[in-house]
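The values are calculated or read from the model by the stated rules, or taken from the named source; none is laboratory data. Everything quoted here is computed from the prediction, not taken from an experiment. Cβ coordinates were reconstructed from backbone atoms using ideal geometry, including for glycine residues, and neighbour counts include every protein chain displayed. These area figures cover heavy atoms from the full protein model, side chains too; ligands, DNA and RNA do not enter into them. Shrake-Rupley method; radii C 1.70, N 1.55, O 1.52, S 1.80 Å.
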Amino acid sequence: MERKVIGVISGKGGVGKTSLTASLANIAKDDAEIEVLVIDCDVDAPNLAIILPAEDTSKIDTKDVYATLKASFLPDKCVNCKQCIEDHFCEFNALKWDDQNSVPIINYLACEGCGACKVLCPEHAFEINPVKSGEIISFQSEIGVPLVYGKTRLGSTTSGKLVSDSKEHAQKLREFEDSNLVIIDGPPGIGCPVIATISGLDYIITITEPTPSGLHDVIRAIEVVNQFNIPFGIIINKHDLESPFKEEFHDYIAKTGYNVLGRIPFDLSIPEAMSFAKAVIEYKPDSKASQAILEIYENIKKVLWN
């Protein structure tokens, strides 16, 4: 079977992306036709490894990523003129003055690495260097599925770049070459990390729920997906949720004609499974939610390979 790379995204967080991805991985591992690899591209909050922990912690591979630029101060070149403060070299207010030592102090978290201080300082007392912006971690999970994920370092501003680096790192692994299905757990929203995630994918799953914010944000996500001309399908989580907006939501989805891959009912088995750090398909395979996800998995296979 030809390899397919798919992504699970949503316009907002908290609608079930990671839970769904973990369940799909659990189903795929038992499918004789499928060799699956999973990538967590929610690099600002990678939680998939909590549900799919490493089989052997001694075999976790970690790669440092240096994609963020930050300023550093060179005290030997400083003449204590205070011009950097008085002339407001930094638009991000990352420079403060140390009155006791008469030197500037750089706020690491506020610094954007723009290079203005380096250019404007007449004594060249600042320089810009790449610093560690995160890590790419890979391992064999307890369920036998290889997992790759990126983790952004606090204060870094290059989440989109780390997503791209994580995908490229995964593509170099033997497990990627052996796989015919790659499932990517994408970040929420529609920003740079999402764009980096969906770029180059074969298919995209957009998951939503029948609430005003759920509909609003999935529409935004679909607008982004359409810019890339990538086929997509919709999954409605908590589709039977009782709310005044329920009918309006389902009418809108029906009128668009979008491909609905499946509907997951409201099921307390899902939060129960999360409390035990398990995918619902593993925790309670006979639950209504698990049965719905099994049907969704089969629908995804039909879309990808038929």
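Before moving on, here are some points about what is shown:
- Some residue of the range 188-206 being closer than 20 Å to Asn26 by Cβ, part of a loop (DSSP other than H, G, I, E, B), over 15 Å from the mean Cα position of the chain (by Cα) and at pLDDT 90 or above: no
- Boolean, Phe126 is in contact with a helix residue (DSSP H, G or I) (Cβ under 6 Å, 6 or more places away or on another chain) and not assigned by TED's automatic domain parsing to the domain that holds Ala221: yes
- Residue, most open to solvent (accessible area, probe 1.4 Å), within the range 127-138, restricted to residues that are of a type outside the set (S, T, N, Q) and more than 25 Å from Ser199 (Cβ to Cβ): Glu127
- Selection status of Ala45, among the hydrophobic types (A, V, I, L, M, F, W, C), closer than 30 Å to Ile9 by Cβ and surrounded by fewer than 15 Cβ atoms within 10 Å (Cβ to Cβ): yes
- Of all residues in the range 275-300, those satisfying the criterion of being touching a residue at least 40 places away in the same chain (Cβ under 8 Å) and open to solvent by less than 70 Å² (accessible area, probe 1.4 Å) are Ala277, Ala279, Val280, Ile281, Ser290, Ile293, Leu294, Ile296, Tyr297, Asn299, Ile300.
- Residue match in the range 48-66 (condition: modelled with pLDDT under 95 and farther than 30 Å from Leu20 by Cα): yes
- Residues in the range 145-178 that are over 19 Å from Lys63 (Cβ atoms), at pLDDT below 95 and open to solvent by less than 60 Å² (accessible area, probe 1.4 Å): Gly155 alone.
- Residue list for the range 182-229, restricted to those being surrounded by fewer than 20 Cβ atoms within 10 Å (Cβ to Cβ), of a type outside the set (A, V, I, L, M, F, W, C) and over 16 Å from Gly13 (Cβ atoms): Ser199, Gly200, Asp202, Tyr203, Glu223, Asn226, Gln227, Asn229
- Residue within the range 211-220 that is hydroxyl-bearing (Ser, Thr, Tyr) and under 14 Å from the mean Cα position of the chain (by Cα) present: no
- Of the residues in the range 230-242, at least one is open to solvent by less than 70 Å² (accessible area, probe 1.4 Å) and modelled with pLDDT under 85.
- Looking at the range 25-102, the strands (runs of 3 or more DSSP E) lying wholly inside it that each contain 1 or more residues that are more than 30 Å from Pro285 (Cβ to Cβ) and not β-branched (Val, Ile, Thr) sit at 61-65, 68-73, 95-98.
- Neighbours by Cβ (under 7 Å, 6+ apart or cross-chain): first from the range 240-256, in the same structural domain as Pro212 (by TED's automatic domain parsing) and within 10 Å of Thr211 (Cα to Cα); second open to solvent by 100 Å² or more (accessible area, probe 1.4 Å) and at pLDDT 85 or above: Leu241/Phe266
- Complete set of residues in the range 160-182 that are of a type in the set (S, T, N, Q), closer than 20 Å to Cys192 by Cα and without any contact (Cβ under 8 Å) to a residue 60 or more places away in the chain: Ser164
- Residue within the range 263-271 that is open to solvent by less than 20 Å² (accessible area, probe 1.4 Å), under 21 Å from Gly7 (Cα atoms) and among the aliphatic types (A, V, I, L, M) present: yes
- Of the residues making up the range 107-125, those that are open to solvent by less than 30 Å² (accessible area, probe 1.4 Å), closer than 10 Å to Lys70 by Cα and touching a residue at least 24 places away in the same chain (Cβ under 8 Å) are Cys111, Gly113, Gly115.
- Qualifying residue in the range 49-70 (condition: more than 30 Å from Pro193 (Cα to Cα), in contact with a His (Cβ under 7 Å, 6 or more places away or on another chain) and open to solvent by 30 Å² or more (accessible area, probe 1.4 Å)): no
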